[in-house]
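The structure appears right after this line, and notes come after that.
What follows is calculated from the coordinates using simple rules that are stated; it is not laboratory data. Just so we're clear, the structure is a prediction, and the values are computed from it rather than from any experiment. Cβ: placed from backbone, ideal geometry, glycine included. Neighbour counts: every protein chain shown.
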Amino acid sequence: MQGENEFSGKTVPSPERPGIVVSFFAPIGAFAIRIIGNFGAIAIFFFLAFINIFRSKQIREITSQTYYIGAKSSLIVMLVALFTGMVLGLQLFYTLVKFGSVGALGSAISLSLVRELGPVLTAIMIAARAGSAMAAEIGILRNSEQIDALYAMGIDPLRYLISPRIAASIISFPLLTAFFDLVGIIGGYITGVVLLGTNAGTYFYRVQSSLDLVDVRGGFVKALVFGAIVSCICCFQGYFCHMRKDGFGAKSVGLATVSAVVISCVLILVSDYVVTSFLM
């Protein structure tokens, strides 16, 4: 496009508007760059906290966090495991009856729990209970300037606050996953054998014969990955809640807690698919 200069009468070029393609892809590119930047920041955050796990004087704080994340979450995890196993037993029993394969009930329940449901549901329950608490606690420490006070005293906040929580999560998640699998198999036994009359010997024989070391190892690998993801995401959200653009003060802590749980649950499911694709 060209316009006429009112003084010289000559035509001069006018600045061109950005093309439709550029205006369409610019927000997508900005969003992608922001996501990549966030993942990079989380990776650096996790690396710096993880290497501090092996520093001295961490045992006491790791033990305390293991009790809070692991032991105090055991009741809700086992309760969910019991009813998950019972529901699986009920659904699979009526499905297998149609094919005359009720004897495979133990195999179906044990493989479903050990390979998938055990690690995933355990991680989601701990993220909802302990992960939200981690994000809120660290967010309050940030907003009350206690983390800045640690810097002023020459104490590394990552080593003091984040590293014990990551270590405790890596310890607690596999242990609670094992409890979930065991209680879930017992729940399937209650439904399939006690309530519906399946043979008890056949049930436990199928459980024993169908489970291999590869299945158990795969479940524990997933639990370790989920533990690292949940602890890192929840601590990261709380640690940097003061930098949020959608709120400040108490509101930023609430938003950081919600984001921590939601992002953790989404990444649990995404990483479950990724890890399963490598283990199959």
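Out of the range 87-193, which trypsin sites (Lys or Arg not before Pro) are coil in DSSP terms and have no more than 12 other C-beta atoms within 10 Å? If you can, show how the numbers build up before the last one.
Details: sites: Lys98, Arg115, Arg129, Arg142, Arg159, Arg165; in loops: Lys98.
Hits after loop and neighbour filter: Lys98.
The residues Thr63, Thr84, when put in order of fewest to most other Cβ atoms within 10 Å, stand as Thr63, Thr84.
Within 10 Å, at most 11 other Cβ atoms, and a DSSP state outside H, G, I, E, B define an exposed site. Report the longest part of the chain free of exposed chymotrypsin sites (Phe, Trp or Tyr not before Pro). With a cap of 11 other Cβ atoms within 10 Å, the longest stretch comes to 100-280.
Each of Ile35, Ile138 has some number of other Cβ atoms within 10 Å of its Cβ, and from fewest to most they run Ile35, Ile138. What angle do you read, to the nearest 10 degrees and between 0 and 90, between the alpha-carbon axis of helix 20-51 and the longest principal axis of the chain? The angle comes out at about 60 degrees. Of the residues Leu158, Val120, Gly192, the one whose Cα sits farthest toward the positive end of the charge dipole of the chain, with +1 on the Cβ of Lys and Arg and -1 on the Cβ of Asp and Glu, is Gly192.
Using helices alone, I'd like the mean residue ellipticity at 222 nm for the chain: each DSSP H run of four-plus residues gives -39500 (n - 2.57), total over residue count, nearest 500.
Values: 11 runs with 198 residues, N = 280.
Rounded to the nearest 500, the figure is -24000 deg cm²/dmol.
If you take all other residues with their beta carbon under 15 Å from the beta carbon of Ile138, and give Lys and Arg +1 and Asp and Glu -1, the sum is -1.
Which value, in Å to one decimal place, does the Kirkwood hydrodynamic radius take for the chain when every pair of different Cα atoms is included?
On the way: mean 1/r = 0.0460 Å⁻¹.
Result for the chain, one decimal place: 21.7 Å.
Please return the longest range in the chain lying between exposed loop sites, taking GluC sites (Glu not before Pro), DSSP loop only, at most 13 other beta-carbon atoms within 10 Å, and leaving the sites out.
Details: sites that count: Glu6, Glu16, Glu145.
It works out to 146-280.
Each principal axis of the Cα cloud of the range 140-203 was taken in turn, and the coordinate range along them, longest first, works out to 66, 20, 7 Å.
The angle separating the long axis of helix 59-69 from the principal Cα axis of greatest extent in the chain is about 80 degrees. Annotation for the range 181-232 versus the range 82-116: alpha-carbon center distance of 10 Å.
Percent relative contact order of the chain, based on C-alpha pairs within less than 8 angstrom and at least six residues apart?
Working: 346 pairs, mean separation 79.6, N = 280.
With pairs under 8 Å counted, the relative contact order is 28 percent.
As a proxy for reagent exposure, ranking Leu269, Leu255, Leu92 by other Cβ atoms within 10 Å from fewest up yields Leu269, Leu255, Leu92.
Report, ordered by chain and residue number, the lysines lying within cross-link reach of Lys222, taken as a straight Cα distance under 28 Å and ignoring same-chain residues fewer than 8 apart. List returned: Lys72. Rounded to the nearest 20 debye, the dipole magnitude of the range 59-279 is 160 debye, with +1 charges on Lys and Arg beta carbons, -1 on Asp and Glu beta carbons, and the Cα centre as origin.
By its C-alpha gyration tensor, with a ≥ b ≥ c as the square roots of the eigenvalues, how is the range 64-179 shaped: rounded for a/c under 1.5, else prolate for a/b larger than b/c, else oblate? It comes out prolate by the Cα gyration axes. Spin-label pair Ala71-Ser56: with each label point 7 Å from Cα along the Cα-Cβ axis, the two points sit 2.7 nm from one another.
Calculated on the alpha-carbon coordinates, the convex hull of the range 198-272 measures out at 119 cubic angstrom per residue.
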